[in-house]
Amino acid sequence: MLTSNIPLGSSVAIIGAGIVGISSACALNQKGYHVSIYDPSSPGISGASKANAGHIGASDIFPLSVPGIYFKALKMLMDSDAPLKVPFKDFWSQIPWFWKFLLTSHGSRFQKATDAISFLGKNSLKDTKTLLDSYDLGEMVDYGGCAFIYDSKKSFNSSKKSWDERSKRGFSSESLNEESIAKITPAVNNKFKHAFLSHEWGKVTEPLDIVESLSNAAQGRGVVFYKNKVNGISESLNSVLIDAENGSFKYDAVIIAAGIDSISFAKSLGDFLPMTAERGYNLTIPSPNIQIDIPIVFADRGIVATSLRSGLRIGGWAEYANPRRPANQAYFDSITRISQELFPSLSVEGANFWMGSRPSMPDSLPVISKSRKMNRVFYNCGHGHYGLTHAATSAKLVCDLLTDDQNLSVSSLFSINRFM
Ligand SMILES: Cc1cc2nc3c(=O)[nH]c(=O)nc-3n(C[C@H](O)[C@H](O)[C@H](O)COP(=O)(O)OP(=O)(O)OC[C@H]3O[C@@H](n4cnc5c(N)ncnc54)[C@H](O)[C@@H]3O)c2cc1C
């Protein structure tokens with residue numbers, strides 16, 4: 001039974017104060033629930049929401065596992081500058097996840113995942129704007145589009161099909177010639193001659209500022225934040241018991257939005273949540289000596305660049321590895337070297353380095369769902385590459401689950417049952 005009704009006015013605890021947990025807190029608070037959030041760190045500080053690339057990438061509608069991924073992935077694993085990394089010591093434990101990932105690239109599974117991401121993408125700009133505007137934070141996002149730059153004419157041409165598909169689904173774009181690339185992104189190496197401009201794309205002023213500002217605004221309207229770790233959840237008659245560092249507390253419902261750590265909660269409840277850590281690397285340069293006006297995706301490099309309050313952030317990549325392992329310095333070095341190739345006048349002096357774990361599902365879709373095991377426990381996690389982009393829409397969807405207002409054909413797309 002995937003439906004439930006948690007009446008308005010009930011108490012709801014959210015585990016995790018990343019962008020997904022905080023956005024959920026805002027939506028539930030606005031709906032009329034009494035919301036508490038738990039996190040051992042200040043909002044946004046310890047997870048993937050802290051220093052991501054800041055893109056609201058609405059038009060990125062395809063799962064990572066695209067048709068033909070087998071050969072592409074093998075080729076990438078053999079190239080040290082390619083964006084895909086799987087350390088040997090972490091490979092074996094992830095085989096079941098990779099198997100499900102590869103299955104996504106096939107026929108109807110790929111279509112289904114694309115439909116679901118398109119649904120989130122279609123709503124994400126509007127929902128992000130509505131959420132931020134409701135707290136007078138609308139100025140923290142710029143909706144100026146994004147340049148997708150290709151290394152060669154061949155890869156540009158082979159991407160055309162995907163741009164046509166986006167445009168069929170209502171995500172508009174235009175191809176850029178050499179002259180317009182130089183005009184829109186003058187700091188980019190002039191050897192790049194092929195690009196698309198995607199219109200349905202935004203960027204925030206600074207990812208951490210968004211989490212902090214939403215958190216402050218929500219607390220101003222009654223949301224309570226506990227800077228405490230949650231150690232466990234158990235269900236008793238008509239309530240859920242949270243065992244936190246500061247004691248045990250009863251709630252009418254609990255939402256797990258703990259990013260990559262949602263895995264351990266699911267395990268303890270007996271839910272099957274096939275999530276893995278897809279670690280991304282970036283550098284942020286406070287005085288980069290160049291300026292970029294709109295976000296840029298270097299499509300063949302798995303690298304994105306964004307101008308943020310803290311400086312120019314460049315990075316990306318995907319390392320499927322144990323989230324507890326220290327970051328690999330060699331990857332920072334490679335991304336720094338590649339960045340200087342992409343932007344010849346770039347100065348990397350004073351760069352800050354960061355690695356974060358994307359909470360990634362094999363079909364690139366989040367899990368926004370009631371637990372299979374507990375009636376009053378819900379998940380809002382697994383947002384992979386697009387937690388910032390899809391947070392506001394996911395928050396609305398998790399609200400609909402609690403109030404039992406969900407559209408079943410939409411909620412089934414993100415249900416935890418899809419892995420059974
Ligand atoms: C390099 C990189 C670039 C990215 N770029 C973009 C981008 O441009 N656009 C985009 O949309 N997305 C991007 N992403 C993805 C995005 O950052 C994530 O999808 C998103 O941050 C996930 O948010 P979250 O709230 O689910 O998890 P997190 O931000 O990881 O937050 C989880 C929170 O749960 C807390 N927690 C964990 N365990 C417990 C516990 N036991 N008790 C209480 N609290 C707990 C943690 O402390 C943490 O604060 C990027 C990610 C990376 C790594």
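The values are calculated or read from the model by the stated rules, or taken from the named source; none is laboratory data. Remember, it's a predicted structure, so these values are computed and weren't measured experimentally. Here the Cβ positions follow ideal geometry from the backbone for every residue, glycine too, while neighbour counts run over all protein chains shown.
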* Asked: Looking only at strands (runs of 3 or more DSSP E) that fall completely inside the stretch 348-420, which ones have 2 or more residues that are near the ligand (Cβ under 10 Å from one of its atoms) and crowded, with 18+ Cβ neighbours inside 10 Å?
  -> 352-360, 377-381
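Regarding residue 175, is this residue at pLDDT 95 or above and either out of contact with any Phe, Trp or Tyr (no Cβ under 7 Å at 6 or more places or on another chain) or more than 29 Å from residue 367 (Cα to Cα) (or both)?
On the way: at pLDDT 95 or above: yes; either out of contact with any Phe, Trp or Tyr (no Cβ under 7 Å at 6 or more places or on another chain) or more than 29 Å from residue 367 (Cα to Cα) (or both): yes.
Criteria met by residue 175.
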* Asked: If residue 33 passes every condition in (1) within 16 Å of the ligand (Cβ to nearest atom); (2) within 30 Å of residue 226 (Cα to Cα) but one, which one does it miss?
  -> (1)
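Taking only the stretch 301-310 into account, find how many residues are in contact with a Pro (Cβ under 9 Å, 6 or more places away or on another chain) and away from the ligand (no atom under 13 Å from the Cβ).
Taking the stretch 301-310 and keeping what is in contact with a Pro (Cβ under 9 Å, 6 or more places away or on another chain), we get 301-308, 310.
The next check asks that each one be away from the ligand (no atom under 13 Å from the Cβ); those that pass are 301, 310.
Total meeting the criteria: 2.
Yes or no, residue by residue, for (1) surrounded by 24 or more Cβ atoms within 10 Å (Cβ to Cβ); (2) free of Cβ contacts under 8 Å to residues at least 24 places away in the same chain; (3) part of a loop (DSSP other than H, G, I, E, B); (4) within 12 Å of the ligand (Cβ to nearest atom):
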{"site": "8", "(1), (2), (3), (4)": "no, no, yes, no"}
{"site": "13", "(1), (2), (3), (4)": "yes, no, no, yes"}
{"site": "17", "(1), (2), (3), (4)": "yes, no, yes, yes"}
{"site": "21", "(1), (2), (3), (4)": "yes, no, no, yes"}
{"site": "29", "(1), (2), (3), (4)": "no, no, no, no"}
{"site": "44", "(1), (2), (3), (4)": "yes, no, yes, yes"}
{"site": "50", "(1), (2), (3), (4)": "no, no, yes, yes"}
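Could you say whether any residue in the stretch 66-86 is part of a strand (DSSP E or B) and buried (at least 24 other Cβ atoms within 10 Å of the Cβ)? Even if it seems obvious, please write down each step before you answer.
So in the stretch 66-86, the residues part of a strand (DSSP E or B) come out as 84-85.
Okay, now just the ones that are also buried (at least 24 other Cβ atoms within 10 Å of the Cβ), so none.
Within the stretch 66-86, not a single residue is part of a strand (DSSP E or B) and buried (at least 24 other Cβ atoms within 10 Å of the Cβ).
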* **Answer residue from the stretch 245-285, given it is of a type in the set (Gly, Ala, Ser) and surrounded by 20 or more Cβ atoms within 10 Å (Cβ to Cβ) and is nearest to the chain's Cα centre (by Cα) among those** => 259
* To do: Within the stretch 119-137, identify whether any single residue is in contact with a strand residue (DSSP E or B) (Cβ under 8 Å, 6 or more places away or on another chain) and either farther than 30 Å from residue 415 by Cα or in a strand (DSSP E or B) (or both), and answer yes or no.
  => no
* Would you be able to say whether some residue in the stretch 290-297 is of a type in the set (A, V, I, L, M, F, W, C), surrounded by fewer than 21 Cβ atoms within 10 Å (Cβ to Cβ), within 14 Å of the ligand (Cβ to nearest atom) and not in a loop (DSSP other than H, G, I, E, B)? => no
